[in-house]
Amino acid sequence: MKVLVADDDAITRRMVEGVLRRWGYDVVVAEDGDQAWASLQGDDAPQMAILDWQMPGLDGVEVCRRLRAQTGRPYVYVVVLTSRDTSQDLAQGAEAGADDYLVKPFDPPRLKMRVRAGLRILQLQAELMKSVENYKRADAELEQARVREVETGARIQQTLLLGQPPPGLFGARIAAITSPSQMIDGDFYDFFVHNESCFDVIVGDVMGKGIPGALIGAAVKSHLQRALSQLIYSDRGSLPEPEDIIAVVHSDVTKELIKLETFATLCYARFDRAKMKLTLVDCGHTATIHWQPSKDATRLLQGDNVPLGFIETETYKQIEQSFEPGDLFFFYSDGVTEAMSSTGEMFGVDRLRELIRRGGLIEPHKLIERVRAAVVAFTQSETFADDLTCVAVKMDEVPWGAPLVHAEIIVTSELNQLQKIRSFVSEAVERGEGAELDDEAHYQLLLAVNEAASNIVRHAHGGRSGETIVVSSDLFTDRIVIRLSHHGQPFDPATAKPPSFDGTREGGFGVYMIEQCVDEVQYLSEADGKNTIRLVKRESTR
Amino acid sequence: MVLDIAVEKTVDNIPIVRVKGEIDLHTCSAFRETLRDLIDQKNFEVVIDLGDVPYLDSAALGVLVDAVRRVREYGGGISLVATTPFVRRAFEITRLVKIFMLYDDEPQAIEGVRDRVRAAGSEAEAAS
């Protein structure tokens, strides 16, 4: 080990140097404080320094003080040589950061002991540093693993746990966005489509972020679904009220949430396009913003219920709100309104209302992107302190229109009815009222309807004949809508195998042909057990 | 509604299946039987005339795919006379045009079969 010996007195210096060399140390010498300092600042500097207290230039105590003030360099063990053995001097040396002292004239055995003690301390320190480094490395690896896990969690949440806004709703468009603060979040939303005119939007926020938050969000969502199907089943197929669904979920989860010391705010909104009515259960969630273009005004919809997981005896009540074509409803998490600027100001609900009032006419997905951008600009940060979720539901501007002509026939679940169904569709097309389909579009509609009907006859009633299928046609100015309804088994198009186009398999063309032949196809399961395939063929815009 | 199916053979024994009426899931079983019988009797080149078929659905396409799969094993093929635009459209939508030979009339379809048989024959000769 390298040891610095600094003393302006040549005799002492040589003596110390001599004994240290004899003991096997690598010795560097300095004749004054400045030399000592320079030697300690160089590359491969000594790890131990024996400094005379009184030297020209910097004295030993000052060199020691400077060493201790320095960061980022290895520790130097300092022994001060002094001829003054007063406690005041000792205190001054200790204050400057000296590790030990030796009184002159020194005797070699004492020096040996002090230097050995210093060596032990330096070795212990080196070992300690090494284990700290190992610990840090292990910690970094753990952190990396945790980040990977959270990233996987975030992907799972985005793809499997978050409901996607249903496309092709009738008379309404929905857009949703969530920007988690920790990649995976406790905000959640979901959508249930019940029939053509009725759908539910659920937006929730769990207290707590990260994986536990996301898991609780997912659990609440699955309880909502379970409550919905349980109530539909027990009430012979009629659609349960939102407050009844929440009551079931509340009784299922509140006790557990209290035990977990968490809670969830929730907004359960049912839109009924036929009655132009919104039914809302507000479980302590942020107030829903309702924009009315006819009045150029926004209003806040808020119930007075507490979040799920607060009080076991809470009774959840729904509120109702009528709406008009063109109205927009905006749901959001408090991550939006409670976003903070650098000066500590909150984004606030008024700012959000104004944004929506000014942007209510644009498409919902653009509106939520605008809100997000406004929050980013306000906080001057792309990352959010809290999860940020927005769902916008916009009613179509055109009223929920009645068709120009409506017709329907009732057929039975037999294959010989297929031709009758095709004739019915051809009659509707050939009426010449509303949308005009050319021969090719007519034929495509026939193909789609026929495939849908074949599917229903073959599969919906387990092959039983004599079951009822209702086929209806609605003519609008720009489109023809055909519905095929039955009370058999619903059909999930996702289960259909894709066709093989190389002729290796004969089945599988039906669902594919339907998709190719019409502009819209929906498979709807309604609460009363009615299943409908809805096909829309639009007048060609050529 | 009944599907009319008639089978006739050319002098050189090429079967021509003439179908009249709409082929759908309901009516396709007789059509399937006819084709299977012909193939079982080792007719691996079959001409099917769909000129009088105003409409066919995916079940009918399934019958044709089944037939083509059977004759292909023996190096044969199914030649279709598809004159109505809508029937052609059904094959286009399902991309099945590729696995059938489509003709505008019976003589062309028969000539096509003869060409192929001749080509296969000379290949076999060359090979032997």
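Some points to look at:
- Hey, A:GLY510 open to solvent by less than 30 Å² (accessible area, probe 1.4 Å), within 27 Å of A:VAL193 (Cα to Cα) and not assigned by TED's automatic domain parsing to the domain that holds A:ILE232 or not: yes
- Residue count for segment A:101-114 satisfying the condition of being part of a helix (DSSP H, G or I) and not hydrophobic (A, V, I, L, M, F, W, C): 5.
- Number of residues in segment A:424-461 that are aromatic (Phe, Trp, Tyr) and closer than 26 Å to A:ALA496 by Cα equals 1.
- Pair list, Cβ < 9 Å and 6+ apart or interchain, from segment B:78-90 residues that are within 10 Å of chain A (Cβ to nearest Cβ) and of a type outside the set (Gly, Ala, Ser) to residues that are in a loop (DSSP other than H, G, I, E, B) and open to solvent by less than 60 Å² (accessible area, probe 1.4 Å): B:ILE78/B:PHE100; B:THR84/B:VAL53; B:THR84/B:TYR55; B:PHE86/B:TYR55; B:VAL87/B:VAL53; B:VAL87/B:TYR55
- On the stretch given as segment B:4-19, residues that are open to solvent by less than 20 Å² (accessible area, probe 1.4 Å) and either among the aromatic types (Phe, Trp, Tyr) or assigned to a loop (DSSP other than H, G, I, E, B) (or both) total 1.
- Some residue of segment A:423-444 being buried (at least 19 other Cβ atoms within 10 Å of the Cβ), touching a Ser or Thr at 6+ places or on another chain (Cβ under 8 Å) and under 15 Å from A:THR532 (Cβ atoms): no
- Looking only at segment A:477-507, and only at residues there that are closer than 26 Å to A:GLU427 by Cβ and at pLDDT below 85, the one that is most open to solvent (accessible area, probe 1.4 Å): A:THR477
Residues are listed down the side, and each one gets a yes or a no for (1) touching a helix residue (DSSP H, G or I) at 6+ places or on another chain (Cβ under 6 Å); (2) modelled with pLDDT of 90 or more; (3) under 29 Å from A:THR532 (Cβ atoms):
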| residue | (1), (2), (3) |
| --- | --- |
| A:ARG146 | no, no, no |
| A:HIS194 | no, no, yes |
| A:SER222 | no, yes, yes |
| A:ARG226 | no, yes, yes |
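- Count of segment A:413-440 residues which are within 49 Å of the chain's Cα centre (by Cα) and over 24 Å from A:PRO167 (Cβ atoms): 11
- Being touching a Gly at 6+ places or on another chain (Cβ under 9 Å), surrounded by 11 or more Cβ atoms within 10 Å (Cβ to Cβ) and of a type in the set (A, V, I, L, M) is a condition met by no residue of segment A:125-138.
- Taking the criterion of being within 8 Å of another protein chain (Cβ to nearest Cβ) and surrounded by 22 or more Cβ atoms within 10 Å (Cβ to Cβ), the residues of segment B:40-62 that qualify are B:ASP57, B:SER58, B:ALA59, B:LEU61.
- Segment B:40-89: number of residues that are over 16 Å from B:ARG18 (Cα atoms) and out of contact with any Asp or Glu (no Cβ under 8 Å at 6 or more places or on another chain): 11
- Residue list for segment B:91-105, restricted to those being at pLDDT 85 or above and facing chain A (nearest Cβ under 7 Å): B:ILE99
- Those residues of segment A:367-398 which are open to solvent by 90 Å² or more (accessible area, probe 1.4 Å) and either within 14 Å of another protein chain (Cβ to nearest Cβ) or touching a residue at least 24 places away in the same chain (Cβ under 8 Å) (or both), in sequence order: A:GLN380, A:THR383, A:ALA385, A:GLU397, A:VAL398
- Among the residues of segment A:64-100, just one is in a strand (DSSP E or B) and surrounded by fewer than 20 Cβ atoms within 10 Å (Cβ to Cβ), namely A:ASP100.
- Any chance A:GLY210 is in contact with an Asp or Glu (Cβ under 9 Å, 6 or more places away or on another chain) and either open to solvent by 70 Å² or more (accessible area, probe 1.4 Å) or modelled with pLDDT under 90 (or both): yes
- Residue match in segment A:14-36 (condition: aliphatic (A, V, I, L, M), surrounded by fewer than 17 Cβ atoms within 10 Å (Cβ to Cβ), modelled with pLDDT of 85 or more and touching a helix residue (DSSP H, G or I) at 6+ places or on another chain (Cβ under 9 Å)): no
- In segment A:476-540, counting only strands (runs of 3 or more DSSP E) that sit wholly within it, the ones holding 1 or more residues that are small (Gly, Ala, Ser) and without any contact (Cβ under 8 Å) to a residue 60 or more places away in the chain span A:479-486, A:520-525.
- Only one entry in A:SER473, A:SER454 is open to solvent by less than 20 Å² (accessible area, probe 1.4 Å), assigned to a helix (DSSP H, G or I) and of a type in the set (Ser, Thr, Tyr), namely A:SER454.
- Spans of strands (runs of 3 or more DSSP E) in segment A:277-319 with at least 1 residues loosely packed, with under 14 Cβ neighbours inside 10 Å: A:297-301
- B:ASP115 vs. criteria within 14 Å of the chain's Cα centre (by Cα) and open to solvent by 20 Å² or more (accessible area, probe 1.4 Å): no
The values are calculated or read from the model by the stated rules, or taken from the named source; none is laboratory data. Just so we're clear, the structure is a prediction, and the values are computed from it rather than from any experiment. We place every Cβ from the backbone using ideal geometry, glycine too, and count neighbours over all the protein chains shown. Heads up: the accessible areas ignore ligands, DNA and RNA and are worked out on the full protein's heavy atoms, side chains in. Shrake-Rupley method; radii C 1.70, N 1.55, O 1.52, S 1.80 Å.
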